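One structure below.
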Amino acid sequence: MRVQRPILSVILVLGLLAAPFAAEAQQADRVFRIGVLVHASASAYASRIEAFRQGLRDLGYVEGKNVAVEYRWSEGKQDRLPELATELVRRQVDLIMTHGGQGGLAAKQATTTIPIVLAAVIDPVGTGLVASLARPGGNVTGLSLGIGEGFAGKWLQLLKEAVPKLSRVGVLWNRANPGVATQVSDIQRAARTLGVRLQLLEFRGSDELEGALASMAATRSDALIVPADATAFQQRARLIAFTAKHRLPAIYPQRETVEAGGLMAYAPSQIDLWRRAATYVDKILKGAKPADLPVEQPTKFELVINRASRES
């Protein structure tokens, strides 16, 4: 017996040492399944999706080898989001990546166990997606768009600098998006300070957009502000055509809208945020819990001006 005890101890130690290597090998051989829920069309978000895919590649993920990505597109129709989120849950994906308050809420309502990564959300705390930025709690974390209290008023300030005689500004906002109300409140406060009158143009989906624009055309505002909203972004070609027709200077929260012909944009780079979202995906797939990963806020903001725009 004296001889056997050390032999058993050695076998036990070797077994313990081998366990982590076996777990690592199993992790390396696994193909993770990521569900991506997008409140827009594939064409509208092509550059952002590519940024996310590049972020995954930079971290060693190869689609078809160690990761599989399933996309669900709402085509800008909010009522499709719950169904698409539920479909991803039924597919038993390892993680759901989405963006915006509407997409985030649809995913959160569909599952309390599958981790959810937010690529860009206006107000993750105010919309009820996380308990706090530092301690998200639950199964949701990711990146905030950084358009918090006080930010949206800068859009009006920038328009005022570009058009000093500005007196009346239209604000096109999606009332169905829970994150837009804070932006509108900020713009209203800035308007009182700058002595500018506002025309609030409400819509609840792409089918109501034409009516809101017609109201603005009838009252002849001097400029337009389009707050951050996935539906408005999906319809950016219509907005640019409208502002160009009526010679209205406008400001948006996305570089892509300016690249498509809009006048100005000021906001964090969403391309960068979607690329950064891959780091959250990586941490969670490697075992981190969403509740323990603080929501990241952007530190860089970009002002983009299109000197060739027909909006002014």
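The values are calculated or read from the model by the stated rules, or taken from the named source; none is laboratory data. Every value quoted in this text rests on a predicted model; they were computed, and no experiment measured them. Virtual Cβ from ideal backbone geometry, glycine too; neighbours counted across all protein chains shown.
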Quick one: L159 ticks every box in (1) surrounded by 15 or more Cβ atoms within 10 Å (Cβ to Cβ); (2) out of contact with any helix residue (DSSP H, G or I) (no Cβ under 8 Å at 6 or more places or on another chain); (3) in a loop (DSSP other than H, G, I, E, B) except a single one, so which number is it?
(3)
Only one of (1) under 17 Å from L159 (Cβ atoms); (2) part of a helix (DSSP H, G or I) does not apply to A217, and that is (1)
Under the condition of being assigned to a loop (DSSP other than H, G, I, E, B) and of a type in the set (A, V, I, L, M), which residue from the range 220-244 is modelled with the highest pLDDT?
V226
Please verify whether Q183 is among the polar types (S, T, N, Q), under 22 Å from E296 (Cβ atoms), assigned to a helix (DSSP H, G or I) and touching a helix residue (DSSP H, G or I) at 6+ places or on another chain (Cβ under 9 Å), treating the condition exactly as stated.
yes
Restricting to the range 182-196, give me the number of residues that are touching a strand residue (DSSP E or B) at 6+ places or on another chain (Cβ under 9 Å) and either among the small types (G, A, S) or more than 15 Å from L248 (Cβ to Cβ) (or both).
5
Within the range 112-150, count every residue that is in contact with a strand residue (DSSP E or B) (Cβ under 8 Å, 6 or more places away or on another chain) and buried (at least 18 other Cβ atoms within 10 Å of the Cβ).
23
Of the residues L224, L194, only one is closer than 17 Å to A267 by Cα and touching a residue at least 24 places away in the same chain (Cβ under 8 Å); which?
L224
When the range 260-288 is checked residue by residue, the ones that are touching a residue at least 60 places away in the same chain (Cβ under 8 Å), over 16 Å from A228 (Cβ atoms) and out of contact with any strand residue (DSSP E or B) (no Cβ under 7 Å at 6 or more places or on another chain) are R275, A278, T279, D282, K286
Count - residues of the range 261-279 that are of a type in the set (F, W, Y) and closer than 23 Å to K154 by Cα:
1
Subset of the range 66-121 that is of a type in the set (G, A, S) and assigned to a helix (DSSP H, G or I) - its residue that is farthest from Q254 (Cα to Cα):
A110
Test L201 against the stated conditions and say whether it is assigned to a loop (DSSP other than H, G, I, E, B) and of a type in the set (A, V, I, L, M, F, W, C).
no
So K165 ticks every box in (1) outside the structural domain of V295 (by TED's automatic domain parsing); (2) basic (K, R); (3) not in a loop (DSSP other than H, G, I, E, B) but one. Which box is left unticked?
(3)
Is there any pair with a first residue in the range 108-127 that is of a type in the set (A, V, I, L, M, F, W, C) and a second that is surrounded by fewer than 18 Cβ atoms within 10 Å (Cβ to Cβ) whose Cβ atoms are under 7 Å apart and which are 6 or more apart or on different chains, and what are they?
A110/P82; A110/T86; A110/V89; I114/V89; V125/S132; V125/L133
Please tell me if A260 is surrounded by fewer than 17 Cβ atoms within 10 Å (Cβ to Cβ), farther than 20 Å from S74 by Cα and at pLDDT 90 or above.
yes
Run down T299, T279 and say which single residue is modelled with pLDDT of 95 or more, farther than 27 Å from R220 by Cβ and polar (S, T, N, Q).
T279
